[in-house]
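Asks: Below you will find the structure I want to go over with you.
The values are calculated or read from the model by the stated rules, or taken from the named source; none is laboratory data. What you see is a predicted model; the values in this text were computed from it and never measured. Here Cβ is always computed from backbone atoms with ideal geometry, including for glycine, and neighbour counts include all displayed protein chains. Note: accessible area is taken over every heavy atom of the protein model, side chains too, but ligands, DNA and RNA are not part of it. Shrake-Rupley method; radii C 1.70, N 1.55, O 1.52, S 1.80 Å.
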Amino acid sequence: RVPARPRTGVGRGSVLAPRRRSTHRADRRASDHQPVVLHGARSPFRRNRLLFDWSAYRLHSLHGIAAVQVAAAAVLAAAFALVYLNARKLGAGAGWALAFTLASAAASQTRFTQRPHAVSYLFLAAIGLLFTHARASRRTWPLIVAPVVVAVWSNFHAGAVFGAGVTGLGALAAW
């Protein structure tokens, strides 16, 4: 006969005790249904949009929701202006650059909201323009500025991972 192990510290309400699943609806937690939460208080991506949240809060508190909408429209307009400039710098004619920019805008129009990913459009276009300028002018300052842009971008949206990838590929191509 094997002696029973003492159960020190493992009681019914103990942290070490296995949790019994409740069958009552009110007792279930969100984690029972959704083990990985990408939003909310325990989100792994919550801390990367501090500048966006602060900017949107300040605009809303000072001038209302209309200011937030105008700022989002200005960010998106600036992003597609940079796309146009990038196409022109790569050698496209004005008509082709405009057609490419309008096609890009039409393809992404469902994502035109007051969300942090709108800022990612702007920063990705800025990174592209920096590398196009570095290639055309044979200067190194755009290659030095690009990681700084990605660092600022990382405080707006998790899409900065794409900026880091583009920066790495651009630096590899310049090397």
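Asks: Taking region 83-121, which residues are open to solvent by 60 Å² or more (accessible area, probe 1.4 Å) and not in a helix (DSSP H, G or I)?
Replies: Matches in region 83-121: L90, G91, F112, Q114, R115.
Asks: Could you tell me whether any residue of region 147-164 is part of a loop (DSSP other than H, G, I, E, B), aliphatic (A, V, I, L, M) and within 18 Å of the chain's Cα centre (by Cα)? Give the derivation first.
Replies: Applying the first criterion (part of a loop (DSSP other than H, G, I, E, B)) to region 147-164 yields 154-159.
Next, from what is left, pick out any that are aliphatic (A, V, I, L, M): 158.
Checking the rest, the ones that are also within 18 Å of the chain's Cα centre (by Cα) come to 158.
There is at least one residue in region 147-164 that is part of a loop (DSSP other than H, G, I, E, B), aliphatic (A, V, I, L, M) and within 18 Å of the chain's Cα centre (by Cα).
Asks: Just the residues that are out of contact with any Leu (no Cβ under 9 Å at 6 or more places or on another chain) and free of Cβ contacts under 8 Å to residues at least 40 places away in the same chain, please, taken from region 142-167.
Replies: I144, P147, V148, V150, A151, V161, A164, G165
Asks: Return the residues of region 165-175 that are out of contact with any Phe, Trp or Tyr (no Cβ under 8 Å at 6 or more places or on another chain), closer than 25 Å to S108 by Cβ and open to solvent by 50 Å² or more (accessible area, probe 1.4 Å); say none if nothing qualifies.
Replies: Answer for region 165-175, where residues must be out of contact with any Phe, Trp or Tyr (no Cβ under 8 Å at 6 or more places or on another chain), closer than 25 Å to S108 by Cβ and open to solvent by 50 Å² or more (accessible area, probe 1.4 Å): just L169.
Asks: So, S154, is that one over 16 Å from L51 (Cβ atoms), among the hydroxyl-bearing types (S, T, Y) and open to solvent by less than 60 Å² (accessible area, probe 1.4 Å) or not?
Replies: Values: over 16 Å from L51 (Cβ atoms): no; among the hydroxyl-bearing types (S, T, Y): yes; open to solvent by less than 60 Å² (accessible area, probe 1.4 Å): yes.
It is false that S154 is over 16 Å from L51 (Cβ atoms), among the hydroxyl-bearing types (S, T, Y) and open to solvent by less than 60 Å² (accessible area, probe 1.4 Å).
Asks: Scan (1) under 17 Å from T167 (Cα atoms); (2) of a type in the set (F, W, Y); (3) surrounded by 15 or more Cβ atoms within 10 Å (Cβ to Cβ) for the single condition F52 breaks and write down its number.
Replies: The single condition F52 does not satisfy is (1).
Asks: Right, here's the next one. Output the residues belonging to region 106-144 that are touching a Pro at 6+ places or on another chain (Cβ under 6 Å) and more than 15 Å from A164 (Cα to Cα).
Replies: Pass one, region 106-144, residues touching a Pro at 6+ places or on another chain (Cβ under 6 Å): 130, 133-134.
Within region 106-144, H133, A134 meet the criteria.
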